[in-house]
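Structure, as structure tokens:
The values are calculated or read from the model by the stated rules, or taken from the named source; none is laboratory data. Note that this is a predicted model, so its numbers are computed, not measured. No Cβ is skipped: glycine too gets one built from the backbone with ideal geometry, and neighbour counts run over all protein chains shown. When the accessible area is computed, the model is the full protein with side chains, heavy atoms only, and any ligands, DNA or RNA have been set aside. Shrake-Rupley method; radii C 1.70, N 1.55, O 1.52, S 1.80 Å.
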2 protein chains.
Amino acid sequence: MQKPSIPKGTRDFGPEVTAKRKYIIKTIEEVFRLYAFNPLETPAMENLSVLTGKYGDEGDQLLFKIINSGDFLKKSEQRDFDSGSQSLLPKIAEKGLRYDLTVPFARYVVMNQNEITFPFKRYQIQPVWRADRPQKGRYREFYQCDADIVGTQAEFQQGWKEVELTLLIKEVFGRLRLKDFEIKVNHRDVLFGIADYVGMKGQEIPFCVALDKLDKIGMEAVLQEVAAHGGNLEKLGSILDVITGKKSIPSLLSDLKNLISTSEKGFNELSTYFQNLPDTEKVILDFSLARGLSYYTGIIFEVKPTSVDMGSISGGGRYDNLTSVFGLSNVSGIGISFGLDRIYDVIQELGLFPATSKASTKVLITHFNTENMQHGMKLVQNLRAHNISSELYAESSKIKKQFQYADKNSIPFVLVIGDKEMQTGKYSLKELSSGKQESLSEDEIINKFSHI
Amino acid sequence: MQKPSIPKGTRDFGPEVTAKRKYIIKTIEEVFRLYAFNPLETPAMENLSVLTGKYGDEGDQLLFKIINSGDFLKKSEQRDFDSGSQSLLPKIAEKGLRYDLTVPFARYVVMNQNEITFPFKRYQIQPVWRADRPQKGRYREFYQCDADIVGTQAEFQQGWKEVELTLLIKEVFGRLRLKDFEIKVNHRDVLFGIADYVGMKGQEIPFCVALDKLDKIGMEAVLQEVAAHGGNLEKLGSILDVITGKKSIPSLLSDLKNLISTSEKGFNELSTYFQNLPDTEKVILDFSLARGLSYYTGIIFEVKPTSVDMGSISGGGRYDNLTSVFGLSNVSGIGISFGLDRIYDVIQELGLFPATSKASTKVLITHFNTENMQHGMKLVQNLRAHNISSELYAESSKIKKQFQYADKNSIPFVLVIGDKEMQTGKYSLKELSSGKQESLSEDEIINKFSHI
């Protein structure tokens with residue numbers, strides 16, 4: 001018999017890990033709701049006509065495709081087979097697994113445009129699938145936790161939504177007790193304007209990669225790297241002088257705006273954003289931030305933990321024309337996405353999971369004989385009626401085995417019922433971690449756990 | 001441009017429906033945890049070697065299969081194509097979507113048998129996929145909410161776990177405020193024994209179908225139907241005499257046990273079950289209940305609402321050899337599964353969703369000008385700091401449009417900030433449903449919503 005296995009790049013999540021993942025999801029979801037986002041869920045499967053062409057050629061390759069049901073070859077001819085996989089594919093597969101939550105959201109907005117009240121604030125927390133080569137920290141099934149606001153372009157002119165999302169990010173990580181992180185902010189127009197100004201139009205990514213090294217390798221090295229791409233070193237020098245000039249953000253933005261006349265809108269939006277922000281703690285203006293260039297059109301964000309070596313754990317920004325690919329124009333938006341898996345790794349590495357996120361069962365009721373157990377059944381039901389997660393060891397077993405069960409399942413308390421306990425109505429309650437033992441009545445036990 | 005669509009048999013869940021679904025899931029999950037079940041999550045994709053052959057031939061047809069990534073035809077030859085879909089399939093697809101939560105659970109237990117502490121209590125709430133023909137109430141993607149206890153057969157001998165699951169069922173539907181339901185109970189050995197006794201061995205399903213009609217069409221009609229299948233009417237008559245004799249459950253079971261000597265174990269287990277049950281309210285002994293004959297080996301359950309026309313909304317029972325198909329013997333268990341979609345329909349039809357399950361946002365803050373809005377930003381942050389889900393209308397807009405937004409999004413309260421309100425620190429708070437208006441300070445508002 002073959003040993004069972006799971007597909008590579010996928011994972012089972014056992015009790016402790018699932019409980020911790022649920023704690024993160026619950027925290028993010030509570031903040032989404034606190035900020036008045038409404039839940040949306042879409043199917044795991046989408047029509048390939050919806051998915052294909054939305055993520056570039058590479059993305060199309062990474063879509064998981066589902067074979068049509070029944071006799072899937074019925075539409076195929078010999079020449080489809082002869083021409084190979086890419087020719088046969090459209091004849092045998094019409095559906096694929098969602099690749100992200102944004103395209104399904106855009107599809108939903110288009111299909112329900114007449115029922116939706118704009119601006120529409122939705123959150124969505126669901127798994128996505130990508131046929132990427134699995135490696136450390138990269139999986140073929142992973143969760144995204146997205147919140148977006150969409151509406152007409154006119155509804156996005158004053159920049160308050162950027163501020164709201166910044167506060168939301170801080171609230172999420174604050175509740176997760178992560179203190180060491182920074183929110184990097186840039187503006188797509190400003191990024192393009194600077195790259196253009198230094199002679200690297202069309203080479204925005206290499207430009208950002210070079211600029212990103214400013215802190216690490218210094219100005220000279222950045223100049224060399226930009227020179228290698230044919231950039232204008234004199235103009236770059238004047239930019240770097242401003243950036244490294246330790247100015248306040250408003251005057252930095254104003255000085256750069258004077259140099260780069262093509263990006264006035266971008267500089268103005270960044271200025272307004274920083275002006276409206278209640279405080280700039282943890283918010284870093286970073287001109288080397290280049291997030292999804294083809295998609296975003298305004299302010300962009302990225303969150304990085306600062307005390308662990310980890311890529312971005314959250315990111316997002318302003319976009320226009322979300323739905324134009326589905327024939328609905330003039331839908332603009334702003335969104336933020338939290339990466340569950342990376343956040344998990346950070347929280348785990350820093351030891352920030354609260355004890356309560358691990359196991360929920362508070363007490364195991366143990367017993368010596370059937371009569372004790374029958375008595376225990378009433379007791380466990382009474383504890384549960386008081387919302388105390390508890391368990392009756394549901395077989396006659398040696399008391400040692402019952403205690404081991406509690407220990408292995410991280411159940412913190414064990415209650416023992418013997419004949420004497422039944423007579424006196426006082427039960428012995430032992431805390432496994434400390435070994436401390438108390439003799440308590442049913443009411444006292446309920447009272448104790450109601451306060452834990 | 002093609003209008004976007006979703007695959008047939010799948011659904012988008014908009015804000016209100018998703019919120020209600022989450023309310024049901026949360027309720028079930030809370031009870032699972034209260035009863036000391038631990039969470040497990042498995043990947044959406046499983047290897048086809050794990051799924052195939054576990055659900056019968058029909059089930060294999062209903063599996064959604066995923067095409068291998070990249071050049072999926074590289075292992076295929078001309079003769080595979082010539083022989084048709086069923087021959088080509090294993091060459092081009094190695095993975096499928098999970099069909100239920102039981103087989104992935106069994107796989108998990110086998111793969112992690114050395115780390116698991118038995119008896120192992122797990123719950124799992126995830127979607128499953130079946131390529132069934134879509135029809136009313138039948139979808140290609142739907143949620144299952146399962147709780148199972150597995151261990152060695154010795155750990156299941158005293159029948160307490162059956163009692164626990166019965167109480168769990170009552171707790172779930174109690175919390176969902178569903179009063180009108182019944183839990184039908186039968187035992188697989190008893191069912192087989194009776195069918196055998198009346199000469200319908202191997203025809204258990206037609207026998208149960210006939211017996212199920214006893215209440216509706218009467219004893220004569222049941223006898224006729226059984227006769228049509230060649231059953232022994234005299235023996236059936238003696239069974240029906242006992243069943244319709246209005247006896248207490250203990251004496252009913254004891255009388256039948258005397259007739260049907262082959263099912264002693266089954267009758268004993270049913271007797272113990274009813275004896276251990278704290279109360280038999282809503283629990284019906286129903287000899288016509290035949291649930292998953294090939295799978296269950298002991299007591300079986302099914303829950304049906306009694307005031308709406310709907311099939312079973314929950315079901316389960318005792319099984320042996322869960323994992324033998326994966327090479328691990330002697331793993332027995334008992335499980336219960338709740339069907340989210342049907343429960344949703346019942347709760348909806350009976351109007352049992354609490355108002356709080358629909359929308360979470362309590363208050364919309366509206367304003368007349370930018371200064372008011374800046375003021376509102378501070379106010380909304382303060383409300384959120386007090387855990388009050390609230391929203392600032394984040395653009396300058398006509399006040400009427402802002403009120404409409406609250407109305408359409410079911411936000412119950414609207415707070416208005418004008419210049420006067422900013423001066424006095426008293427804000428006008430309007431309840432949309434009643435039209436009632438109050439003038440309140442920030443502290444009074446926070447106090448009010450903390451008590452809603």
*Residue within the range B:104-122 that is among the basic types (Lys, Arg), buried (at least 22 other Cβ atoms within 10 Å of the Cβ) and part of a helix (DSSP H, G or I) present*: yes
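Pick out the one residue from A:Ser329, A:Ser360 that is out of contact with any strand residue (DSSP E or B) (no Cβ under 6 Å at 6 or more places or on another chain) and within 30 Å of A:Gly425 (Cβ to Cβ).
Values: A:Ser329 fails: within 30 Å of A:Gly425 (Cβ to Cβ).
Being out of contact with any strand residue (DSSP E or B) (no Cβ under 6 Å at 6 or more places or on another chain) and within 30 Å of A:Gly425 (Cβ to Cβ) holds for just one of A:Ser329, A:Ser360, which is A:Ser360.
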*asked:* On the basis of being away from every other protein chain (no Cβ under 14 Å), among the polar types (S, T, N, Q) and open to solvent by 30 Å² or more (accessible area, probe 1.4 Å), does B:Ser450 make the cut?
replied: no
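What is the residue count in the range B:136-184 for residues that are of a type outside the set (Ser, Thr, Tyr), in a loop (DSSP other than H, G, I, E, B), within 13 Å of chain A (Cβ to nearest Cβ) and more than 25 Å from B:Leu328 (Cα to Cα)? Spell out the reasoning first.
Filtering the range B:136-184 for residues of a type outside the set (Ser, Thr, Tyr) gives B:136-138, B:140-142, B:144-151, B:153-165, B:167-184.
If we keep only those that are in a loop (DSSP other than H, G, I, E, B) too, we end up with B:136-137, B:140, B:157-159, B:176-180.
Then keep just the ones that are within 13 Å of chain A (Cβ to nearest Cβ); that gives B:140, B:157-159.
Applying the additional criterion that residues be more than 25 Å from B:Leu328 (Cα to Cα) yields B:140.
Total satisfying the criteria: 1.
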*Counting only residues that are within 8 Å of another protein chain (Cβ to nearest Cβ) and loosely packed, with under 15 Cβ neighbours inside 10 Å, which one in the range A:367-382 is nearest to A:Trp160 (Cα to Cα)?*
A:Lys378
_Can you report the number of residues in the range A:145-161 which are at pLDDT below 95 and closer than 21 Å to A:Lys282 by Cα?_
3
*asked:* Looking only at the range B:73-98, count every residue that is small (Gly, Ala, Ser), more than 8 Å from chain A (Cβ to nearest Cβ) and crowded, with 20+ Cβ neighbours inside 10 Å and tell me the total.
replied: 1
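Within the range A:249-271, how many residues are among the β-branched types (Val, Ile, Thr) and open to solvent by less than 10 Å² (accessible area, probe 1.4 Å)?
Keep residues of the range A:249-271 that are among the β-branched types (Val, Ile, Thr), which gives A:249, A:260, A:262.
Pick out the ones that are also open to solvent by less than 10 Å² (accessible area, probe 1.4 Å) and you get A:260.
Counting residues in the range A:249-271 that are among the β-branched types (Val, Ile, Thr) and open to solvent by less than 10 Å² (accessible area, probe 1.4 Å) gives 1.
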_So, in the range B:265-296, exactly how many residues are under 22 Å from the mean Cα position of the chain (by Cα) and either aromatic (Phe, Trp, Tyr) or not in a loop (DSSP other than H, G, I, E, B) (or both)?_
4
*asked:* Return the residues of the range A:1-57 that are at the interface with chain B (Cβ under 7 Å from one of its Cβ atoms), in a helix (DSSP H, G or I), open to solvent by less than 10 Å² (accessible area, probe 1.4 Å) and touching a residue at least 40 places away in the same chain (Cβ under 8 Å); say none if nothing qualifies.
replied: A:Ala19, A:Leu34, A:Val50
_Search result, residues across the range A:58-72 that are under 17 Å from B:Lys75 (Cβ atoms) and open to solvent by 20 Å² or more (accessible area, probe 1.4 Å)_ = A:Lys65
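Just checking, which of B:Phe403, B:Phe449 is touching a residue at least 12 places away in the same chain (Cβ under 8 Å) and over 24 Å from B:Thr370 (Cβ atoms)?
One residue alone meets the criteria, B:Phe449.
What number of residues within the range B:353-366 satisfy the criterion of being open to solvent by less than 70 Å² (accessible area, probe 1.4 Å) and within 11 Å of another protein chain (Cβ to nearest Cβ)? Write out each step before concluding.
At the first step, the residues of the range B:353-366 found to be open to solvent by less than 70 Å² (accessible area, probe 1.4 Å) are B:353-354, B:357, B:359-366.
Filter once more, so that each one left must be within 11 Å of another protein chain (Cβ to nearest Cβ): B:359-365.
Residues in the range B:353-366 being open to solvent by less than 70 Å² (accessible area, probe 1.4 Å) and within 11 Å of another protein chain (Cβ to nearest Cβ): 7 in total.
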*Please identify the pairs in which a residue from the range A:69-82 that is on the phi < 0 side of the Ramachandran plot has its Cβ atom under 7 Å from the Cβ atom of a residue that is among the basic types (Lys, Arg), counting only partners at least 6 apart or on another chain.*
A:Lys75/A:Lys91; A:Ser76/A:Lys91; A:Asp80/A:Lys91
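In this structure, is B:Ala385 within 11 Å of another protein chain (Cβ to nearest Cβ) and either surrounded by fewer than 17 Cβ atoms within 10 Å (Cβ to Cβ) or among the charged types (D, E, K, R) (or both)?
Values: within 11 Å of another protein chain (Cβ to nearest Cβ): yes; either surrounded by fewer than 17 Cβ atoms within 10 Å (Cβ to Cβ) or among the charged types (D, E, K, R) (or both): yes.
Here the answer is yes, as B:Ala385 does meet what is asked.
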*Which one of these does B:Gly237 not meet: (1) surrounded by fewer than 17 Cβ atoms within 10 Å (Cβ to Cβ); (2) within 26 Å of B:Val163 (Cα to Cα); (3) of a type outside the set (Asp, Glu)?*
(2)
_So, in the range A:295-350, exactly how many residues are open to solvent by 40 Å² or more (accessible area, probe 1.4 Å), of a type in the set (A, V, I, L, M, F, W, C) and more than 19 Å from A:Ile25 (Cα to Cα)?_
1
*Hits in the range B:126-147 (condition: under 22 Å from B:Glu162 (Cβ atoms) and aliphatic (A, V, I, L, M))*: B:Ala147
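Considering only the range A:185-207, how many residues are in a helix (DSSP H, G or I), touching a residue at least 24 places away in the same chain (Cβ under 8 Å) and either closer than 18 Å to A:Leu253 by Cα or among the β-branched types (Val, Ile, Thr) (or both)?
To start, the set of residues in the range A:185-207 that are in a helix (DSSP H, G or I) comprises A:188-197, A:204-207.
With the extra rule that they be touching a residue at least 24 places away in the same chain (Cβ under 8 Å), the set shrinks to A:188-194, A:196-197, A:204-205, A:207.
Okay, now just the ones that are also either closer than 18 Å to A:Leu253 by Cα or among the β-branched types (Val, Ile, Thr) (or both), so A:188-194, A:196-197, A:205.
Residues that pass the stated criteria total 10.
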_Filter result for the condition that a residue is over 21 Å from B:Ser294 (Cα atoms) and at pLDDT 90 or above, over B:Leu214, B:Leu168_ = B:Leu168
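Considering A:Glu41, A:Glu94, A:Glu29, A:Glu46, which residue is of a type in the set (Asp, Glu), in contact with a Ser or Thr (Cβ under 7 Å, 6 or more places away or on another chain) and modelled with pLDDT of 95 or more? Reasoning before the result, please.
Values: A:Glu94 fails: in contact with a Ser or Thr (Cβ under 7 Å, 6 or more places away or on another chain); A:Glu29 fails: in contact with a Ser or Thr (Cβ under 7 Å, 6 or more places away or on another chain); A:Glu46 fails: in contact with a Ser or Thr (Cβ under 7 Å, 6 or more places away or on another chain).
Testing whether each residue is of a type in the set (Asp, Glu), in contact with a Ser or Thr (Cβ under 7 Å, 6 or more places away or on another chain) and modelled with pLDDT of 95 or more leaves just A:Glu41.
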